[in-house]
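A.B. asks: To start, I am sharing the structure in question, which I have written as structure tokens.
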Amino acid sequence: MAYEYDDTNVFARILRGEIPSRTVLETPHTLAFHDVRPQAPVHVLVIPKGRYVTFDHFAAEASDAEIADFTRAAGEVCRLTGVGAGGDGYRTIANAGAHGVQEVPHYHLHILGGRVLGRMLGQAG
């Protein structure tokens, strides 16, 4: 499958410094920042700095260094925000494509916590 990356997407623009973000953590391959429309008291987006569209694209084509850095950075965000070990818990979500209701065509992981989040999905329609 071919993945077409759109260099004009909002996360690409954040990575280039064209749009400001409230950074939680930055590493060589990853940027984590607060969501501008938080859905929970803790709502951080973790994005790879590389040009990846979805999780499966990232998993298939990212280097081992990028994958390790991203995974460790996501874990560190959980620690930094207090939702990780010893906290009350969190949810991670990665939307992909039209059925996944992906709004930005750049792979991103949502880390949400700080309150009870309810069931993951409602009844299928």
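A.B. asks: Output the qualifying pairs, or none if there are none: Cβ atoms under 6 angstrom, residues six or more apart or on different chains, first residue in segment 9-21 and farther than 16 Å from V53 by Cβ, second residue of a type outside the set (A, V, I, L, M) and assigned to a helix (DSSP H, G or I).
C.D. replies: Going by the 6 Å Cβ cut-off, the qualifying pairs are I19/R13.
A.B. asks: While we're on this one: Suppose we filter P20, P38, P48, P28 for residues that are of a type outside the set (V, I, T) and under 18 Å from G114 (Cα atoms); which single one remains?
C.D. replies: Selected residue: P38, the only one of P20, P38, P48, P28 that is of a type outside the set (V, I, T) and under 18 Å from G114 (Cα atoms).
A.B. asks: For H110, only one of the following conditions fails: (1) loosely packed, with under 14 Cβ neighbours inside 10 Å; (2) touching a residue at least 24 places away in the same chain (Cβ under 8 Å); (3) not hydroxyl-bearing (S, T, Y). What is its number?
C.D. replies: Here H110 meets the rest and fails (1).
A.B. asks: Follow-up. Scan segment 76-84 and give yes if some residue there is at pLDDT below 95 and touching a Gly at 6+ places or on another chain (Cβ under 9 Å), otherwise no.
C.D. replies: Looking through segment 76-84, at least one residue is at pLDDT below 95 and touching a Gly at 6+ places or on another chain (Cβ under 9 Å).
A.B. asks: Further question on the same structure: Of all the strands (runs of 3 or more DSSP E) wholly in segment 17-125, which have at least 1 residues that are within 28 Å of A2 (Cα to Cα)?
C.D. replies: It comes to 30-34, 42-48, 90-93, 109-113.
A.B. asks: Looking at segment 22-31, which of its residues are in contact (Cβ under 8 Å) with a residue 40 or more places away in the chain and either under 15 Å from V104 (Cα atoms) or out of contact with any Leu (no Cβ under 9 Å at 6 or more places or on another chain) (or both)?
C.D. replies: Within segment 22-31, T27, P28, H29, T30 qualify.
A.B. asks: Would you mind stating whether A40 is farther than 15 Å from N95 by Cβ, of a type outside the set (D, E) and surrounded by fewer than 13 Cβ atoms within 10 Å (Cβ to Cβ)?
C.D. replies: no
A.B. asks: If you go through segment 1-17 one residue at a time, do you hit one that is surrounded by 13 or more Cβ atoms within 10 Å (Cβ to Cβ), closer than 17 Å to H106 by Cα and hydroxyl-bearing (S, T, Y)?
C.D. replies: yes
The values are calculated or read from the model by the stated rules, or taken from the named source; none is laboratory data. In this text the structure is predicted, and so the values were computed from the model without any measurement. Cβ atoms come from the backbone with ideal geometry, glycine included; neighbour counts cover every protein chain shown.
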